[in-house]
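Remarks on the structure that follows.
Please treat every number below as a calculation from the coordinates, not as lab data. Just so it is clear, the structure is predicted and the values come from calculations on it, not from any experiment. With ideal geometry, Cβ positions are generated from the backbone for all residues, glycine too; neighbour counts draw on all protein chains shown.
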Amino acid sequence: MSRQFHTAIRRHLLRRPWADPQTPRPVLINSWEACYFTFDEQRLLQLARAAKQADIDLFVLDDGWFQGRNDDSTSLGDWVADPTRLPEGLQGLCKKINDIGLDFCLWVEPEAISPDSDLYRTHPDWTLQIPHRETVAIRRQYTLDFSRLEVVDGIWAQLQAVLDSCPIRYLKWDMNRSLANVYSAALPAARQGEVYHRYVLGVYELQRRLTEAYPDLLLENCAGGGARFDCGMLYFSPQIWCSDNTDARARMSIQYGTGLFY
């Protein structure tokens, strides 16, 4: 039964060329556990040169690249490169990574917003929140209301500017918290039962725009924190990071259970 599911997904859901099981997936190095939030351009280039010696294909700049993001309490929703860490912007770093011989890649968390962010100060109503109740912060972040097209449009405009600024080969879409306060200011109380479904359609819509506007982009969904992906996402994102738990014994169980269907 698992093989039938796998075959059906490859034949009818995955986009080319990733539907072909013989297509090699690029090998990547991610800056997160090497640097966390403590990095500058020189440290990233040092890591990239070591990655090239190891015959790695992609260099992924993880969390901390956008303005004001010195820890996990701030700046989600403000998808603009931080000039203090990247004085030549993403364009300058991308060119240097490419000159080393690796493709440049980026981490984003498009559905999340920090209470301490320009986006939240401008649009506090864009979050999922129940009226007259305190909004639940998990991992010091809220969730944007992707059931609303204007919210999807706002994040899309930021991501489009980033992806147009330099050749980005791969994008890791992270979701580091589960959904809570699933209530939209755009709908009356009697229609709140629609919000969760509309929210997922909003996620699909943004991923559709990404993959159609940038057909060569490899999009990876990450369920490491939010434990949240589904079969539909595989159409846009042909690979999923199942968990941030990389303990070998735990990972065997995680991969086994996930692989029964996916």
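Just a few scattered comments:
- This model, with +1 at the C-beta of Lys and Arg and -1 at the C-beta of Asp and Glu, gives the chain a dipole about its Cα centre of some 880 debye.
- Rounded if a/c under 1.5, otherwise prolate or oblate - segment 154-242, Cα gyration tensor axes: prolate
- Filtered trypsin sites (Lys or Arg not before Pro), segment 125-199: DSSP coil and at most 12 other beta carbons within 10 Å: ARG133
- Phi angles across segment 44-55 convert, under the Karplus curve 6.51 cos²θ - 1.76 cosθ + 1.60 with θ = phi - 60°, into 3J(HN,Hα) values of 5, 5, 4, 5, 5, 5, 5, 5, 5, 5, 8, 6 Hz, Gly and Pro given as x.
- Karplus-derived 3J(HN,Hα) values for segment 237-250, using 6.51 cos²θ - 1.76 cosθ + 1.60 with θ = phi - 60°, are 10, x, 8, 10, 8, 6, 6, 7, 7, 9, 4, 4, 5, 5 Hz; glycine and proline are entered as x.
- Likely footprinting exposure, TYR120, TYR142, TYR256, fewest C-beta neighbours within 10 Å first: TYR256, TYR120, TYR142
- Taking a sphere under 12 Å around the Cβ of THR23 and counting the other residues whose Cβ falls inside, with K and R at +1 and D and E at -1, yields a net charge of +3.
- Prolate is the label for segment 1-88, because a/c, from the alpha-carbon gyration tensor with a ≥ b ≥ c as root eigenvalues, is 1.5 or above and a/b exceeds b/c.
- Residue range of the chain that is longest and free of GluC sites (Glu not before Pro) which are both DSSP loop and sparsely packed (at most 13 other C-beta within 10 Å): 135-262
- Taking every Cα-Cα distance in segment 9-153 and sorting them into 5 Å bins from zero, the calculated P(r) comes out as 2, 9, 15, 16, 14, 13, 13, 11, 5, 1, 0, 0 percent.
- Among the cysteines of the chain, those with no neighbouring cysteine Cβ under 4.7 Å are CYS35, CYS105, CYS222, CYS231, CYS242.
- Here the Karplus relation 6.51 cos²θ - 1.76 cosθ + 1.60, evaluated at θ = phi - 60°, turns the backbone of segment 106-121 into coupling constants of 9, 9, 9, 9, x, 8, 9, 9, 8, x, 9, 7, 5, 5, 5, 5 Hz, with x for every Gly and Pro.
- Ellipticity at 222 nm from helices only: DSSP H runs of n ≥ 4 in the chain, each -39500 (n - 2.57), divided by the residue count, give -11000 deg cm²/dmol.
- Rounded to two decimals, the Cα radius of gyration of segment 2-259 over 2.2 N^0.38 Å is 1.03.
- Which of CYS166, CYS222 has the fewest Cβ neighbours within 10 Å, and the rest in rising order: CYS166, CYS222
- In this calculation the C-beta distance from ALA248 to GLN160 is compared with R0 = 45 Å, giving a FRET efficiency of 0.70.
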